[in-house]
Amino acid sequence: MEPLEDLRARLQQWEQDGLLRTRRIVDGACGPQLSVWGVDASRRLLAFCSNDYLGLAAHPAVIAALIEGARQLGVGAGASHLISGHHRAHERLEARLAALQSPHIPECRALLFGSGYLANLGVLAALADRGSDIFSEELNHASLIDGIRLAGAQRKVYPHADLAALDAMLRASSAPQKFIVTDAVFSMDGDLAPLEPLLELAHRRGAWLLVDDAHGFGVLGAQGRGSLAHHGLCSDRLIYMGTLGKALGVAGAFVAAHRTLIEYLVQRCRPYVFTTASPPALAVALEEALAIATGPEGESLRARLQQNIARLRQALHVEPWRLLPSATAIQPVVIGENSRTMRAALALQDQGFWVAGIRPPTVPAGTSRLRVAVSAAHSAEQIDRLAAALNALAAQHRGA
């Protein structure tokens, strides 16, 4: 078969299986109301698919900080952090992020990355090798899985939140380096990893614990410090990754760990060493977003987010679909079959709602779902409208 014909055949098969992904064009700033260009024309949709959990992506103070940062520092860093691209704004932001995690990681230092994906790829590939054993939660994000592959380490997958199974696997390992790797908030289920017993296992079995807190940083714990604060953890065995483009509303990510480990990454983490630094103006915007998220306004936003989550869960009655047990901003409604899930997403779109339909390989086969993402920026009336639309769709399904 000719190379292009092979690709066409694969695309056609994915379309038949209900697995073909499509992009839509968004006009305007990130927020609950979005103008979206689809196949036909532009529509105004009420979005429940963004990870902008605190509504900071279009916050006037963050926008003003970005404009002022660009005015003072330009729009590009010009080189990697290790050449001439590490600006004072990057240094200040790293210091602030390290200070936030210092109650949980002794001698804490933070390192900025262009994205959470780059951070997870780089950390695992830098620290692990072919002689290492990496114990990976079965529901981990793709970036962690790809980081393990890049490291060439032995990947040992333990069942979701199964501490007994993980302990047995750790006891059987004779590897000189062991890593337990987990999401803190599982991005498609919305539940929390049992971080406290995982850390206890890491100490008992001589392992590192790498925590991907993409969906917890800014939302959970005192001052929005994230999952380490939420669970009250403190250890030099912790490697913490937090993203800056979700609850903080801007872009990028950081890794926080003991200063010795961070210095090792500065020397050997290829996605850090060989990547042009992010624009320093983004670091200025992030400083402002961080000040908001960790201050009184951030507390108010987190309280509003929790109110919205509780309101939605109380209003939803979607049997025979399953609303998964989640106390986070991620509220999954499992439908099961791929095409039925996408029909439900399209039906919601026809009523003016944008809710993401999630299919394999992002989630296991047979668990396709609507992933409802709640924000502090949603009003109570918008929450109620979505709940009514979902309940009506589920009722239609029951009667079919």
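Only the coordinates and a few stated rules stand behind these numbers; no lab work does. Note that this is a predicted model, so its numbers are computed, not measured. Backbone-built Cβ (ideal geometry, glycine too); neighbour counts: all protein chains shown.
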Given axes a ≥ b ≥ c from the Cα gyration tensor, I'd like to know whether the stretch 122-178 is rounded (a/c under 1.5), prolate (a/b larger than b/c) or oblate.
oblate
What is the extension gain from Cys234 to Trp37, computed as 0.36 nm multiplied by their sequence separation minus the C-alpha to C-alpha distance, in nm to one decimal?
66.3 nm
Treating only the Cβ atoms of Lys and Arg (+1) and Asp and Glu (-1) as charged, compute the dipole magnitude of the stretch 60-294 about its Cα centre; round to the nearest 20 debye.
580 debye
Tell me, what are the semi-axes, in whole angstrom and largest first, of the equivalent ellipsoid of the stretch 60-294 as set by the roots of 5 times the Cα gyration tensor eigenvalues?
30, 19, 14
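For the stretch 264-400, what class follows from the C-alpha gyration tensor (a ≥ b ≥ c being the square roots of its eigenvalues): rounded when a/c is under 1.5, otherwise prolate if a/b is larger than b/c, else oblate?
oblate
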Note to self, the chain gives a 222 nm [θ] from helices alone (DSSP H runs n ≥ 4, -39500 (n - 2.57) apiece, / all residues, nearest 500) of -13500 deg cm²/dmol
Can you give the % of DSSP beta bridges in the chain that are antiparallel, to the nearest 5?
60 percent
Grab the beta carbon distance between Thr22 and Ser84, set R0 = 41 Å, and tell me the FRET efficiency rounded to 0.05.
0.50
Shape call for the stretch 192-310 from the C-alpha gyration tensor, a ≥ b ≥ c root eigenvalues: rounded (a/c under 1.5), prolate (a/b greater than b/c) or oblate?
oblate
The stretch 128-197 and the stretch 31-91 have their Cα centres apart by a whole-number Å value of 32 Å
Taking Cα pairs closer than 8 Å and at least 6 residues apart, the relative contact order of the chain in percent is 22 percent
Charge dipole (the chain, unit charges on Cβ, about Cα centre) - positive-most of Ser84, Pro3, Leu323:
Pro3
Say R0 is 25 Å: what FRET efficiency, to the nearest 0.05, do Gln177 and Ala142 get from their beta-carbon distance?
0.65
Taking 4 °C and 1.567 mPa s as the conditions, I'd like the Stokes-Einstein D for the chain in µm²/s, using the Kirkwood hydrodynamic radius from alpha carbon pairs.
58 µm²/s
Spin-label point model (7 Å from Cα, Cβ direction): what's the Arg71 to Arg270 distance in nm?
4.2 nm
